[in-house]
Every structure is written in C-alpha cells, then in structure tokens.
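Working notes, beginning with the structure itself.
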Amino acid sequence: MDPLCIQSDPDLTPRLFRVIRHQRELHDTVTLELESGEGSPLYFCAGQFNMLYVFGIGEVPISISGSPHEPGPLVHTIRSAGAVTQAISGLKRGQTLGVRGPFGQGWPLEAATGQDLVIIAGGIGLAPLRPAVRQVIAYRERYGKVSLLVGARTPDDLLYPAELKEWRSRFDLQVHITVDSAGADWRSHVGVVTMLISKAEFEAGETVAMICGPEVMMRFCVMELRKRGVAAENTYVSMERNMKCAVGYCGHCQIGPKFVCKDGPVFPLTHLEPFFSMRGV
Amino acid sequence: METIDAIMAEHPFFKGLDPSVLKIVGGCGSNVRINAGEYLFHEGDEADRFYAVRHGMVALEIYVPQREQVTIQTVGAGDLIGWSWLFPPHVYEFSARAIEMVRATSFDGACLRRKCDEDTAMGYELMKRLAQVISQRLGATRLQLLDIYGPAVHTK
C-alpha cells in the first residue's frame, strides 16, 4: 500500500467541523465542505475515509473526495440513503458535525509511479476516486497512459459533471463515460462500465487498475481486466462494509481475515480474491 | 487501395481468420460511411445486413411509447452490429443510429448465409465468433438489468 498514507491514531473522539459549503450534486447526493473548529486542516491520502458523526443520530464512514495535495476544506460527497446520511445531507452552512479520521489504506498512487493507470468508477464510486484522479492530474508526469472509465444509471445521475467535462477536455487523459440508459440527445456510451475496458488504451503488463463502485460491478471489471492481462496484484478495489469503530476493534467490517476499516477500504485484489464472490461474506 | 479482406483482417471480429476465408466473406461486404444522425437500419426493417464498425459510435435504439427513442446500448470501433440477418424471420429488433460519422464494412446477410451453408467449417468458425459477441452483449445486458447503481439494501 502507499507508504505516504497517513495512518490516524486510533482516536475515538470526534473533532468538531463546521459546514462552510453545501452543494447539491444529484437529487439524493450532496457535497459538503467542512472546516475544522481548531483551524488546522485534515491531511489525508486519496482513498481514505472519515467517520462523520451527527450528534444524537449516529456515525457513518464516508470517503474523502477533495484534493489530497492541496490544503483546504475537508470535502465529502454523501448520498442520502438512511437516517444518518440523510441528516448529514440536511446540514446547512454554519452547522457542525463530528469527524474522526482519516482512516484506512488509500489508493496506491506512489507505488503506481511509472505505470499506466485504469481508473474505473461506478455511480457514487467516483467520490472516493476523485482525490486519486486529482492527484494523478497534479503529478501527471509520473504516470504513463491514464484512462478514467465512469458508469452511472442515467446522464442525470453522473457525479461531478463539470469536473468530468474538464477532465474530458484534457489531452493527457482518456475519459470514457457510460450510462445504463439515455435518450437520443446523449452523445456518449450507453451500456455497463465493463464494456469500456476494451476501449481503454494501456499496456496490460505495466498497468495498475483502481476500481470503486458496486461490488458486482467491481467483480465484472476484474474479469474484464484479467482478460486484457492486468494482474490481480496490480488491481485494487475499494470495499464498503458496515464500519463502526474504524480502527479494527469491533470487527463489524470484517471480510475473512481482513478489516475493511484498517486493512482497506482499498485492497489489492490478491488480499481479497478468495472472499470477493463468496456468499455471506 | 486496400481490399475489403485486408481491411477486415484488422477488425477484432475477423482477426486471425484464414486469408482465404476473409476473401470469401469479403465477397459479401462493402465499405460504407454513415453520417452522424443517419440510421443504419430501423426496428422492424428486413434484416438483410450487418456491420463491422471501424470508426465512430452507433446508438442501438428501441422505440418506447411515451418515451420516444431510448438508447439501450452504444457500440463503436471494433464492434459488430446486427445478428438478426442470421435468424428467421430476419427482422431488426432495434434501430441503429450513427451518433457520429461511422465507417464500417457492411455485409449482405443473405450472401453470407449462403456461403456459410456451402462451407460449413467456415460457417462454424463465424458462428463461434458471433456467439461470443452475443454472449458478451447478454452478460452486459444482465448487469444493466441489475440496476447496480441504485442504493444498497442495508444503508445508514
């Protein structure tokens, strides 16, 4: 895993953060920019997550989706899917919440130096990958060919459309976007994101793949990447599980011998492969 | 000028086929250019052709009452469009519209069916390749049907 990833002390006390910007991304998704009550920014590496705590309601793990290489507000994109995420999404400018973190292992951006990159995001999975894409762009000379493959349900469900447009305009990034269904005015791909893998240009033997999205999507992406010759040890996936303590004490997020909060959420496929499609795990 | 069979040899669907087979299959083909917005064929038309796309992107559409044309999938360079020419009643089940300018090799389905019947070894090889394309599309369609980007069942 990336040696520069900061490992947080197993601190179980949340720090107070204030919402300084609230932006609606999709009908059920918002991005919050948060500022520490203590004034010091929170340093993290791409792929790590924080535990966000709405006092009196509950705590959830949410990936960080800002720029790891630039000091600034803490950025989280949250899809409203339950009581806690709904409460977080409802926070307005000036309101506060508790933050613990950053936790976990991030994307292997240092280890991938000199390699081609295939970055695959499905749905809300683009949020944990956005810091990685931004960092790759900031240090573009370190990598070979870079492909970003993005899938969503419909064009209206695409996260960060303005940023995607900007990335698509770059000559040093191949960006392919696909949706499951679209009207006649949609001028990009329609179909599952796995179909885009054959469109991406990379040298399989020197490629690192980073995938985040629904687990079934990741499974099929892994199969397609394997057909193209990308090795399991160079394929990384970001897992989502029911995380509680975030420091490997409680065991809620265990997959086989691994804890998603501590050993992940980003795993090399080789660490997870036996459990990746196992029922009940 | 490159011959049809030489152009076909570069397409993933035909890659690795014996040159003599490429020549026979190429005898049923012609190079076409379809401008953006034009249709290669319409749903319900007689399925007399299929296309090996070399450049550009094509939307496969189905007409849904009250939703007009719905794009169910897009295909592009290196892909194949249309297999209704192979199976009775030889009617296209969807429409194909060029999203951008498309260059493709277009094949006469009846001509190719006849040649496959005459040379069953060649026919079997082509069917194996076509079955792989159909299988890939079926797998992709199954994933699409799962609506995988919807919210997870257990959420906070």
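The values are calculated or read from the model by the stated rules, or taken from the named source; none is laboratory data. Since the structure is predicted, the reported quantities are computational estimates derived from the model, not experimental observations. No Cβ is skipped: glycine too gets one built from the backbone with ideal geometry, and neighbour counts run over all protein chains shown. Keep in mind that these areas ignore ligands, DNA and RNA; they rest on the heavy atoms of the full protein, side chains included. Shrake-Rupley method; radii C 1.70, N 1.55, O 1.52, S 1.80 Å.
When the test is whether a residue is within 9 Å of chain A (Cβ to nearest Cβ) and open to solvent by less than 60 Å² (accessible area, probe 1.4 Å), B:Ala140 passes it. When restricted to residues that are open to solvent by 30 Å² or more (accessible area, probe 1.4 Å) and either free of Cβ contacts under 8 Å to residues at least 24 places away in the same chain or assigned to a helix (DSSP H, G or I) (or both), the stretch A:87-134 contains 3. Of all residues in the stretch B:61-117, those that are within 14 Å of chain A (Cβ to nearest Cβ), in a loop (DSSP other than H, G, I, E, B) and not hydrophobic (A, V, I, L, M, F, W, C) total 5. Scanning the stretch A:167-194 for residues that are touching a helix residue (DSSP H, G or I) at 6+ places or on another chain (Cβ under 6 Å), touching a residue at least 24 places away in the same chain (Cβ under 8 Å) and within 16 Å of A:Gly123 (Cβ to Cβ) yields a count of 7.
Selection within the stretch B:27-58: residues that are over 16 Å from B:Arg103 (Cβ atoms) and of a type in the set (Gly, Ala, Ser). The member of this set that is farthest from the other protein chains (Cβ to nearest Cβ) is B:Gly27. Among residues of the stretch A:65-76 that are more than 15 Å from A:Glu35 (Cβ to Cβ), those with a Cβ under 6 angstrom from a residue that is modelled with pLDDT under 90 and in a loop (DSSP other than H, G, I, E, B), sequence gap 6+ or separate chain, pair up as A:Pro68/A:Phe44.
Out of all the residues in the stretch A:164-185, which are over 20 Å from B:Ile99 (Cβ atoms) and either open to solvent by 30 Å² or more (accessible area, probe 1.4 Å) or within 14 Å of chain B (Cβ to nearest Cβ) (or both)? Selection gives A:Glu166, A:Arg170, A:Phe171, A:Asp172. Contact annotation: residue pairs with Cβ atoms under 6 Å, 6 or more positions apart or on different chains, pairing a residue in the stretch A:16-29 that is in the same structural domain as A:Arg93 (by TED's automatic domain parsing) with a partner that is among the polar types (S, T, N, Q) and not in a strand (DSSP E or B), are A:Val19/A:Gln95; A:Asp28/A:Ser80.
Within the stretch B:71-121, being open to solvent by 60 Å² or more (accessible area, probe 1.4 Å), in contact with a Ser or Thr (Cβ under 8 Å, 6 or more places away or on another chain) and more than 15 Å from B:Ala47 (Cβ to Cβ) holds for one residue alone: B:Ile72. Within the span defined as the stretch A:235-256, every residue fails to be buried (at least 21 other Cβ atoms within 10 Å of the Cβ), assigned to a helix (DSSP H, G or I) and either at pLDDT 90 or above or among the hydrophobic types (A, V, I, L, M, F, W, C) (or both). Within the span defined as the stretch A:207-214, every residue fails to be more than 19 Å from the chain's Cα centre (by Cα) and not in a strand (DSSP E or B).
Among residues of the stretch A:232-253 being without any contact (Cβ under 8 Å) to a residue 12 or more places away in the chain and away from chain B (no Cβ under 14 Å), the one that is farthest from A:Thr13 (Cα to Cα) is A:Gly251. Scan the stretch A:215-231 for residues that are away from every other protein chain (no Cβ under 14 Å) and outside any helix (DSSP H, G or I) and the total you get is 3. Restricting the stretch A:77-86 to residues that are closer than 16 Å to A:Arg24 by Cβ and without any contact (Cβ under 8 Å) to a residue 40 or more places away in the chain leaves a set whose member that is farthest from the other protein chains (Cβ to nearest Cβ) is A:Gln86. Taking the stretch A:179-198 as the range and being more than 14 Å from A:Ser147 (Cβ to Cβ) and either touching a Gly at 6+ places or on another chain (Cβ under 8 Å) or among the charged types (D, E, K, R) (or both) as the test, the residues that pass are A:Val179, A:Asp180, A:Asp185, A:Arg187, A:Val192.
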